[in-house]
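Here is the structure we will look at.
Just so it is clear, none of the values below were taken in a lab; they were calculated from the coordinates. Owing to the predicted nature of the structure, the values given are computational and were not obtained by experimental measurement. We place every Cβ from the backbone using ideal geometry, glycine too, and count neighbours over all the protein chains shown.
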Amino acid sequence: MRISASTVLLGAASAASAASFQNQAQQVLADNFHKAHDAIKPVADSFAHTTLESFEEAFNGMNSQAKALWDEIKLLVPESAFDKPTWFSKPKAAKRRKDWDHVVKGADVQKLWVKGADGEKHREVGGQLDNFNLRVKSVDPSKLGVDKVKQYSGYLDDEANDKHLFYWFFESRNDPKNDPVVLWLNGGPGCSSLTGLFLELGPSSIDKKLKVINNEYAWNNNASVIFLDQPVNVGYSYSGNAVSNTVAAGKDVYALLTLFFHQFPEYAKQDFHIAGESYAGHYIPVFASEILSHKDRNINLKSVLIGNGLTDPLTQYEHYRPMACGEGGYPAVLSESECRSMDNALPRCQSLIRNCYESGSVWSCVPAAIYCNNQFIGPYQRTGQNVYDIRGKCEDDNNLCYSALGWISDYLNQKDVMDALGVEVESYDSCNFDINRNFLFQGDWMQPFHRLVPGILKEIPVLIYAGDADFICNWLGNKAWSEALEWPGKKGFNKAELEDLSLPEADKEYGKVKSSGNFTFMQIYQAGHMVPMDQPENSLDFLNRWLGGEWFEQ
C-alpha cells in the first residue's frame, strides 16, 4: 500500500468533483457474489478541471460530517493547489508493435462450444471476451539473463476501452509440466508487479550497477509465475483511459488468464494460485470471486495468498496505534501524546468507515480515507520512520524508502530490455501515484472487500500472511480481521492454536501459523511489508508448503 502526501490531503475534494460531474455507478460483482457486496458502487473515471469554488459547490451534496472534514482539508491545502488540478492520470505514450509470436483473439475463443456431462452444449469458457486479445512474445533467456527458463511476455488488449496490460511469465525451474502456476500482484494501488519480480520473489534482482543477480530463493523454483502490471498505466501497461477501482480491474485479469491458458493449455491443467501483497488485499478477493463466478472456465484456481494486505479497513485501522506505540513486538515510534491522539481519533475514523461500508458511496468512502489516513498514518510518516519496516528510517524518499526501486526502474527503462520484452511504452515507473490517487478518489480504498472472503472460503483455501515489522498493513490488523471475519468456520479458526513455523532442522522458528477449515494465518518474524525480500528462504518454505497443500482442508 503506497500513500503520497497529496493523496492523503486532496482525495475528498477530487472525489466530490468527480461524483458531481459524473454520477455514474456500476454493478461490481459477478452474479453469485453480488449479494455479499452490493454496496460497492464506484463512480466513473472521468474528471473535469475544477476550481475551488466548484469543489465547494459539489460538496453541498455531502452530509455534515463530510463538510466538516472539507473545512479541515481547506486549512491544510492552499487554494492555488486547486487552480489547475492534475491529479488524474494522463495517457502513457505508446507505439503498437507487430512482431508478436502469437495473437489470441477473445472473439475466437468465445465461439468455442463443448458438450457437457448432461449432453447439453455450452461455451467452453464463460465471460465476455469479444473485445479482448492476448499478444505473446517468446523471450530469449540469453538476452537478459534474468533466468534460463522458458519465458513469455506481452499484452492483454481490451480494444474497446484502449487498455493494454503487460505481463511476464517465467516457467518453473523444477518440473513445469506438473508444478503449479502462480499469478503475482503488487499493490499500491498503482505499483508495478515487476517490483515483486526484481525486489522480492522473482528469479533475479538488480544491483546498483544494474547487473542481474540470481535469486536462489525465487518463487519459480517450484512453480511457474506470472507477473502482471495492473491496472492500466502501471509499469509497462498503458491506456488512453484509466481504471480507478478494483472491480473493473477484475474483468481484465479474468480475460488475461483465460486467453493465456487457451494459448498454453499445457499450463492450464496445473493448479493455479493468486498471490499478492499490500493493496492486493483488495484485488485478490475481487479477482478470485470473478474467476469462481464462471462455472465454465479454464482457470484451475486452487487457493489465494494475501501478504500484508489491506482487506478490512474497519478492523485494521484500529491496530495502527498499538503497532506504532510499542505493542506490536517492536519499540514505540510515536510519543505518548501522539498515541493518545490516535486513541481519540479512532471513534470518528471508525464511524466514517462504517458509513462507507453501509453506503458504498464515494461521498462516505473518500472522507473516511482522508480522515483516517491523516490521523493514523500521517503521524508515523512525519517521524521519518519507514512505513514498510518499523525497524528503521526511510532511507530514500524518492523511491519509497528503497534505493533498489530506483535501480529496477533504471534497468527496466533500458532500450535493450524493453525491446527484448516487446514493450510498447516509452518509459517505466515503479509506481504511478496518479493511479494511487484515482483509486482513493473513487472511494475504493475503504471498501469492505473482506465480505467476499467467506464466499471464496466455501470453494478454495485462503492464506493471510504478514511480516511482523510492517507498519502500513501490519500483522496485528491482519490477524484481527481474519479472526473477526464472519464465516461458518469462525469459531474453529479462532480456537485454533498458533503453532511454530520453522525450516527443517532449524534451531528456532521463523514465525507462527494457525489454520482451520480453509483459512490460514501466518505471522512471519523479522519481515517488513515485503516478506519475500526480507525473508527469502523462509518465504519460499511456506510458499512451497502452502502450494503442496499442508494447511488445506482435506
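Overview of results
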read-out	value
Hull-based mean projected area of region 422-466, where the convex hull spans the alpha carbons, in square nanometres	6.1
Over 25 Å [Cα-Cα, region 170-280], rounded percent	25
Ranked packing of 215-226, 303-314, most packed first, by mean Cβ within 10 Å	303-314, 215-226
Rg/Rh ratio calculated on Cα atoms of region 293-436 (Kirkwood radius)	1.07
³J(HN,Hα), Karplus 6.51/-1.76/1.60, whole Hz, each residue of region 99-106, x for Gly, Pro	8, 9, 7, 9, 10, 9, 8, x
Using a Förster distance of 30 Å, the FRET efficiency for residue 162-residue 140 (Cβ separation, nearest 0.05)	0.55
Residues with amide H under 5 Å from that of residue 279, placed H, sequence gap 5 or more	187, 188, 310
Relative contact order (percent, whole number), region 89-237, Cα cutoff 8 Å, 6+ residue spacing	20
Around residue 165: net Lys/Arg minus Asp/Glu count, Cβ-Cβ under 13 Å	-3
Principal axis dimensions, largest first and in whole angstrom, of region 408-448 by Cα	42, 17, 17
Computed lengthening from residue 505 to residue 483, 0.36 nm per intervening residue step minus Cα-Cα distance	4.8 nm
Assigned charges on the beta-carbon of Lys, Arg, Asp, Glu; region 158-316 dipole about Cα centre (debye)	140
Principal semi-axes in Å for region 225-340 [√(5λ), Cα gyration tensor, largest first]	36, 17, 12
Rounded to whole Å, sorted largest first: equivalent-ellipsoid semi-axes of region 406-554, Cα gyration tensor	33, 22, 15
By average C-beta atoms within 10 angstrom, highest first, the peptides 151-157, 457-463, 189-195	189-195, 151-157, 457-463
Vicinal HN-Hα couplings computed from phi for region 115-124 (Karplus, 6.51 cos²θ - 1.76 cosθ + 1.60; Hz; Gly/Pro x)	9, x, 4, 7, x, 8, 7, 8, 4, 4
Dipole moment magnitude, nearest 20 debye, region 403-486 about Cα centre, only Lys, Arg, Asp, Glu C-beta charged	400
Integer Hz, Karplus 6.51/-1.76/1.60 couplings in order for region 159-168, x for Gly and Pro	5, 5, 10, 6, 10, 9, 9, 8, 9, 9
Distance (nanometres) between label positions extended 7 Å along Cα→Cβ at residue 121 and residue 491	5.1
Pair-distance profile P(r), taking every C-alpha pair of region 485-547, with 5 angstrom steps and integer %	4, 17, 25, 22, 16, 12, 4, 1
Over 22 Å between alpha carbons, listed pairs 92/148; 177/302; 209/393	92/148; 209/393
Sorted by Cβ neighbour density within 10 Å, fewest at the top, the residues 338, 171	338, 171
Cα-based Kirkwood hydrodynamic radius, region 302-382, one decimal, Å	13.6
